[in-house]
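Asks: Encoded as structure tokens, here's the structure I'll be asking about.
The values are calculated or read from the model by the stated rules, or taken from the named source; none is laboratory data. In this text, all values refer to a predicted model and were calculated from it rather than measured experimentally. Here the Cβ positions follow ideal geometry from the backbone for every residue, glycine too, while neighbour counts run over all protein chains shown. Accessible surface is based on the protein model in full, side chains and every heavy atom, while ligands, DNA and RNA are left aside. Shrake-Rupley method; radii C 1.70, N 1.55, O 1.52, S 1.80 Å.
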Amino acid sequence: MEAPEPGFGSDGREAARAADARDPLASFAHRFDVSGTYMDGNSLGPLSEDSEAVLDRVVEEWRDHAVEGWTEGDPDWFRYGERLGAKVSPLVGARESEVAVCGSTTVNIHTLVGTFYDEVNSSAGGSAGDANSVSGAATADDPGSILVNDLDFPTDHYAIRAQLRQRGLDPDDHLTVVESRDGQTIARDDVERALREEDVDLLFFPAVLYRSGQLFDIAALTDLAHEHGALAGFDLAHSVGVVPHDLHDAGVDFAVWCHYKYLNAGPGAVAGLYCHEDHFGIRPALGTVPVLAAAPLDGALDVTREAGIDAIRAKSVALTDYLVALVDRLPDAFAVGSPRDPERRGGHVAVEHPEAYRLTQALKDRDVVVDFRPPNVIRVAPAPLYTGFEDVFDVAETLRALHESGAHEEYEPRSGGVT
Ligand SMILES: Cc1ncc(COP(=O)(O)O)c(C=O)c1O
């Protein structure tokens, strides 16, 4: 899909409208309850009529059947988690049996990082070259480290540090953090150097960085980790539903994600996890699926499946290309804080400005919902299922007008002095 010619004024708007008229996914927007310009789907996706219908149905089944809902629900609640796991699996490129819908992202990080770290440290064997053998260099007496990066979502580090502390290990010694050179991205060479120089048992990386939107090459990182005797796990929170994945064929050992961002399954929706089938012997046991928290996901997945993840990604690339090109045409105070190469960019764009906080508040009062990330990032997520090119035009045009009028200066600066 081609991005429209970037530009402001009536010609710019016309070009955006013409691109919307050519968009094969344009009709999906009607299924979502979105008012104004909603660009915060990378924090919380909006409600769709499909999710609402399934949630209403489950509430009725609860009223009508009570405990019998486990067998009488349509579909029955008993296999709800497995059924949804099977439905999510194509989005992450996994076999049906490798995916479970359960817990939250944080709980799943605790579970899988803890499980795999223990597994590496309890097995001294494993055959070199077998991508999924647990052949880390560490032994029970000599635990290695977990490799992360300094632009990770903080929760991931809190969870991993807690897992290390629970094992009596000092996180400062057992968490190896790859530093960013530019504050926006992580260089592959730096990951490779850390794997070469440190005794790493597990690499745990995001697919897409939550602030800059850098998209990592999961297959390449997995190969790199395996070559250095480490396992590879990923957090797909900012990619699932907007970037296709191929976890099984890439030999990824484990992964976690949430369903409430690009998959629009609602606040606190049940999360997901993947475990490569080669590790099934160490799969942790799973309990009752929270059916009410899972029901909206059922409907939301129907919308995504109908649209098709490849078409979603193609539109996402066109929307973010267009946004990057428009930001380039804004005054110099604005800068693109995301990779320009679409192959290295997820579904959102970091727009940098020294007054990002005030601009975010001013945008909200003008019905443009985005989010602010300290110290200077306006995160803009044009989610393809309900966002058009004219919406992207509106965001950039509103930023341009705010900058010109200075209207955002009427807003209180962020406490602590960062605007
Ligand atoms: C990358 C990443 N990891 C972990 C989390 C934590 O998710 P939860 O609070 O749902 O467990 C989030 C939440 O936004 C996230 O973006």
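Asks: Would you confirm whether any residue within segment 247-259 is away from the ligand (no atom under 15 Å from the Cβ), more than 28 Å from GLU197 (Cβ to Cβ) and surrounded by 24 or more Cβ atoms within 10 Å (Cβ to Cβ)?
Replies: No, because not a single residue in segment 247-259 is away from the ligand (no atom under 15 Å from the Cβ), more than 28 Å from GLU197 (Cβ to Cβ) and surrounded by 24 or more Cβ atoms within 10 Å (Cβ to Cβ).
Asks: Go through the residues of segment 197-205 one by one and say whether even a single one is open to solvent by less than 10 Å² (accessible area, probe 1.4 Å) and either within 13 Å of the ligand (Cβ to nearest atom) or modelled with pLDDT under 95 (or both).
Replies: Yes, segment 197-205 has at least one match.
Asks: Moving on. Taking the options SER43, SER51, name whichever one is on the phi < 0 side of the Ramachandran plot, part of a helix (DSSP H, G or I) and open to solvent by less than 80 Å² (accessible area, probe 1.4 Å).
Replies: Just a single option satisfies the conditions, and that option is SER51.
Asks: Let me ask something else. Any residue that is touching a helix residue (DSSP H, G or I) at 6+ places or on another chain (Cβ under 9 Å) and closer than 22 Å to GLU49 by Cβ - is there at least one of those in segment 270-285?
Replies: Checking segment 270-285: at least one residue is touching a helix residue (DSSP H, G or I) at 6+ places or on another chain (Cβ under 9 Å) and closer than 22 Å to GLU49 by Cβ.
Asks: Here's a follow-up. Based on what the data block shows, is VAL317 in contact with a strand residue (DSSP E or B) (Cβ under 6 Å, 6 or more places away or on another chain) and open to solvent by 20 Å² or more (accessible area, probe 1.4 Å)?
Replies: So VAL317 does not fit the description; no.
Asks: Right, next: Mind listing just one residue for me: the one in segment 103-128 that is surrounded by fewer than 22 Cβ atoms within 10 Å (Cβ to Cβ) and among the hydrophobic types (A, V, I, L, M, F, W, C) and, of those, nearest to the ligand (Cβ to nearest atom)?
Replies: Taking the candidates together, the pick is VAL107.
Asks: Within segment 142-151, is there a residue that is more than 27 Å from the chain's Cα centre (by Cα) and modelled with pLDDT under 95?
Replies: Yes, there is a match, as at least one residue in segment 142-151 is more than 27 Å from the chain's Cα centre (by Cα) and modelled with pLDDT under 95.
Asks: On to the next question. Which of the residues that make up segment 172-192 are surrounded by fewer than 17 Cβ atoms within 10 Å (Cβ to Cβ) and more than 22 Å from PRO339 (Cα to Cα)?
Replies: ASP172, ASP173, listed by residue number.
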